[in-house]
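Structure incoming, see below.
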Amino acid sequence: MDYKASIRTIPDYPSPGIQFRDVTTLMGDAEAFASAIADLCALFNADEIDCVAGIDARGFILGGAMAVELKAGFLPLRKPGKLPYETFSEAYDLEYGSDALHMHTDGVQPGQRVLLVDDLIATGGTAEAGVKLLRRGGDIIEAAVFLVDLPDLGGADRIRELGIDVKALVAFDGH
């Protein structure tokens, strides 16, 4: 399937020169969405994944669907103030400030094999925070997977430098 054709590009959003890759159009196409979930899951042996960790918010959509397909648990990695129980937190820098991801301290058990999922990897700051957060929980991160990679921004290489295998269904040049 041509996933690029199912992903809308919005020029100059959120600022001039940025080509925003909107995956909600792929998610709204039942055939493309089902195919993308199947292709992402086919990259892994279901017996080797205990939990899928999805990054807030589009990573929840992909990760939840993948968890069902892989017969694995699902762990949400949330923005601050969204989880009601005790959490681990990992801050990260953005172009315009900083943010953080949180996960429940009992979200996964040490030694569980986890798959980190988000819709897109650009500079890799959010994914790196997810990796660090999962490692604080004692998890074994099998890989980080994305619908879209923007390789010119170096995020996938940043995550590989942490010793994590990175996979994506499509790559777009530029940013």
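How about region 80-135: which of its residues are part of a loop (DSSP other than H, G, I, E, B), of a type in the set (Asp, Glu) and under 29 Å from Pro151 (Cα atoms)?
Filtering region 80-135 down to residues part of a loop (DSSP other than H, G, I, E, B) leaves 80-86, 95-96, 105-112, 122-124.
Adding the requirement that they be of a type in the set (Asp, Glu) leaves 86, 95, 106.
Of everything in region 80-135, just one residue is part of a loop (DSSP other than H, G, I, E, B), of a type in the set (Asp, Glu) and under 29 Å from Pro151 (Cα atoms), namely Glu95.
Which residue pairs have Cβ atoms closer than 8 Å, lie 6 or more positions apart in sequence or on different chains, and pair a first residue in region 10-22 that is within 19 Å of Ile121 (Cβ to Cβ) with a second residue that is small (Gly, Ala, Ser)?
Note: pairs meeting the criteria are Gln19/Gly174.
Would you confirm, using the coordinates I've provided, whether Leu134 is crowded, with 17+ Cβ neighbours inside 10 Å, over 12 Å from the mean Cα position of the chain (by Cα) and under 21 Å from Arg21 (Cα atoms)?
Details: crowded, with 17+ Cβ neighbours inside 10 Å: yes; over 12 Å from the mean Cα position of the chain (by Cα): yes; under 21 Å from Arg21 (Cα atoms): no.
Criteria not met by Leu134.
May I pose another question? For region 72-97, name all the residues that are under 15 Å from the mean Cα position of the chain (by Cα) and farther than 13 Å from Glu128 by Cα.
Phe74, Leu75, Pro76, Arg78, Lys79
Name the residues in region 137-157 that are in a helix (DSSP H, G or I), surrounded by 19 or more Cβ atoms within 10 Å (Cβ to Cβ) and either among the charged types (D, E, K, R) or touching a helix residue (DSSP H, G or I) at 6+ places or on another chain (Cβ under 7 Å) (or both), would you? Steps first, answer last, please.
To start, the set of residues in region 137-157 that are in a helix (DSSP H, G or I) comprises 151-153, 155-157.
Remaining after also requiring surrounded by 19 or more Cβ atoms within 10 Å (Cβ to Cβ): 155-156.
Scanning region 137-157 gives a single hit, Gly155.
Taking region 143-175 as the search range and keeping residues that are of a type in the set (D, E, K, R) and within 19 Å of Val52 (Cβ to Cβ), which one is farthest from the chain's Cα centre (by Cα)? So that I can check it myself, show each step before the final result.
Let us first name the residues in region 143-175 that are of a type in the set (D, E, K, R), namely 149, 152, 157-158, 160-161, 165, 167, 173.
This time we only want the ones that are within 19 Å of Val52 (Cβ to Cβ), so: 149, 165, 167.
Details: Asp149: 11, Asp165: 13, Lys167: 10 Å.
Looking at the filtered set, the residue picked out is Asp165.
If you check Lys79 against the conditions, is it among the basic types (Lys, Arg) and exposed (fewer than 13 other Cβ atoms within 10 Å of the Cβ)?
On the way: among the basic types (Lys, Arg): yes; exposed (fewer than 13 other Cβ atoms within 10 Å of the Cβ): no.
No; evaluated as a whole, the condition is false for this residue.
FYI, it's all coordinate maths here, none of it is from the lab. Since we're looking at a predicted model, the values are computed, not measured. Cβ: placed from backbone, ideal geometry, glycine included. Neighbour counts: every protein chain shown.
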